[in-house]
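Read the figures in this text as sums done on the coordinates, not as results from a lab. Everything numeric here is computed off the predicted structure, so don't read it as measured data. Every residue, glycine among them, receives a Cβ derived from its backbone with ideal geometry; neighbour counts consider all protein chains shown.
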Amino acid sequence: MERTVKPNTSNILGLGIESTAHTFGASVVNSTKILSDVKDVYKPPEGSGIHPREASRHHTEKAAEVIKQALEKAAVKPKELNFVAYSMGPGLGPCLRVGAVVARTLSSYMKIPLIPVNHAVGHIEIGAMLTGALDPVVLLVSGGHTVICAFEADRWRIFGETLDLSIGQLLDQFGREAGFASPCGARIEQHALSSSNLLPLPYSVKGQDVSYSGMLTAAKKMLHSGKPFDDICYSLQETGFAMLVEVAERAIAFTEKKQLLVVGGVAANRRLSEMLKEVSTRHGAGLYVVPLTYSGDCGAQIAWTGLLAYRAGEEIQVERSVVRQSWRLDQVDVPWRSS
Ligand code: AMP
Ligand code: MG
């Protein structure tokens with residue numbers, strides 16, 4: 001990675017490309033706002049999970065149209081772009097490679113810097129930008145992540161994370177067992193609203209980490225034994241979210257930070273926000289939730305973080321721009337933030 005800090009000019013225009021899993025997204029940003037955000041989401045058949053090869057085929061087919069629309073909506077011509085950013089990882093190899101190939105091609109052809117972005121950092125930065133949270137404890141809850149972290153000594157430091165499934169996977173895998181197509185979180189939230197009957201599910205917090213595999217097994221068993229579906233959805237949310245609230249509360253108490261930022265697809269869930277509001281209020285911290293439109297995977301998270309990285313002088317040579325299927329949040333350099 002090369003780094004020469006760019007002046008803080010206000011007229012930067014950048015394109016960001018997201019392709020870690022279901023979503024192929026593209027977005028154009030300038031130094032202050034998101035000018036466009038276009039996506040096309042791969043939908044697996046009902047009852048199935050994401051098939052990496054099928055998802056990457058979807059991305060290959062949709063890439064050109066999504067990028068074209070993102071540029072048109074932003075009223076920006078390709079030659080006006082100062083950089084192209086892409087999600088370098090973590091994610092599914094075949095999906096990541098589609099975004100990387102497209103970004104490398106644009107970077108080489110237009111002779112503009114190629115900026116690699118960590119997808120998890122992207123979720124955090126778009127949340128921070130849109131909510132105004134400056135120095136938060138962050139709860140990142142999505143299909144790929146369940147992490148509680150805060151920025152300290154140049155890196156996002158992980159206070160706790162899942163030991164197995166992410167909270168998004170818990171909801172999606174349970175939903176698929178019931179015959180829905182992934183992602184299922186929003187549907188489970190709807191069903192949960194019709195119940196207030198809490199069924200016992202394993203509550204598993206180990207230190208600051210959480211584990212959801214036992215809860216998934218128990219919920220599937222309940223489903224097959226004929227327990228009311230709405231009751232199981234309600235219980236999954238109440239128990240699964242209570243575990244997150246517990247670790248979030250300890251992280252706030254330990255760091256004494258005054259902001260709690262919730263990002264990632266599961267941040268769309270209103271019950272989760274309600275539960276987190278209680279603990280943040282108790283500790284005198286503000287709750288900042290990423291707006292629904294930008295909670296799930298999107299090009300804007302990559303474009304915006306790309307802009308921060310571009311300004312900090314980060315760029316990668318095309319020949320070295322491999323994708324990283326595993327790339328932990330606490331291994332990412334974040335030169336634009338100071339702790
Ligand atoms: P991401 O990986 O950031 O795109 O987030 C996708 C995840 O968010 C999937 O696991 C979805 O099921 C989950 N999700 C989306 N909307 C909701 C919701 N309203 N409640 C709970 N989970 C949700
Ligand atoms: Mg994500």
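A few remarks follow.
- Two-site FRET efficiency, Ser31 against Gln317, from Cβ-Cβ distance with R₀ of 22 Å, rounded to 0.05: 0.35
- Viscosity 1.567 mPa s, 4 °C: Kirkwood-radius Stokes-Einstein D of the range 153-253 over Cα pairs, µm²/s: 92
- Tilt relative to the chain, helix 167-177 - C-alpha long axis, 0 to 90 degrees, to 10: 70
- Of Gly185, Val266, Thr32, farthest towards positive along the dipole that unit charges on Lys, Arg, Asp, Glu beta carbons give the chain: Thr32
- Global form of the range 53-188, assessed from the alpha-carbon gyration tensor, a/c cut-off 1.5: oblate
- Helix 52-74 axis versus longest C-alpha principal axis of the chain: approximately 60°, rounded to the nearest ten.
- Violating pairs (Cα-Cα greater than 21 angstrom) within the set Lys77/Lys111; Lys43/Lys227; Lys33/Lys73; Lys39/Lys68; Lys39/Lys73: Lys43/Lys227
- Taking all C-alpha pairs of the range 206-265, those more than 13 Å from each other amount to 69 percent.
- Taking a point 7 Å out from the Cα of Glu80 in the direction of its Cβ, the residues of the range 31-70 whose backbone N falls within less than 20 Å of it are 31-39, 65-70.
- Sparse-neighbour loop sites [trypsin sites (Lys or Arg not before Pro); the range 31-108; at most 15 other C-beta within 10 Å; DSSP]: Lys33
- Karplus (6.51, -1.76, 1.60) ³J(HN,Hα), θ = phi - 60°, over the range 77-87, in Hz, Gly and Pro reported as x: 8, x, 5, 7, 5, 8, 7, 10, 10, 9, 7
- Using every pair of separate Cα atoms, the Kirkwood estimate puts the hydrodynamic radius of the range 125-199 at 14.4 angstrom.
- Net dipole in debye of the chain [+1 Lys, Arg Cβ; -1 Asp, Glu Cβ; about Cα centre; nearest 20]: 560
- Placed amide H near Arg157: partners under 5 Å, 5+ positions off or other chain: Ala150, Phe151, Glu152
- 10 Å Cβ shell holding at most 13 others, DSSP loop, GluC sites (Glu not before Pro): longest site-free stretch of the chain: 47-255
- Estimated from the Cβ-Cβ distance and a Förster radius of 30 angstrom, the FRET efficiency linking Leu134 and Arg270 is about 0.75.
- Rg ratio (alpha-carbon, reference 2.2 N^0.38 Å) - the range 40-122: 1.18
- For the range 183-234, fraction of C-alpha pairs farther apart than 19 Å, in %: 31
- Within the chain, antiparallel bridges make up roughly 60 percent of the DSSP beta bridges whose residues both belong there.
- When Rg and Dmax are taken over the Cα atoms of the chain, they come to 19.8, 63 Å.
- Folded to 0 to 90 degrees: helix 93-110 orientation relative to the chain principal axis, Cα: 20
- Here, the range 222-339 yields an orientationally averaged convex hull projection of 10.6 nm² when only Cα atoms define the hull.
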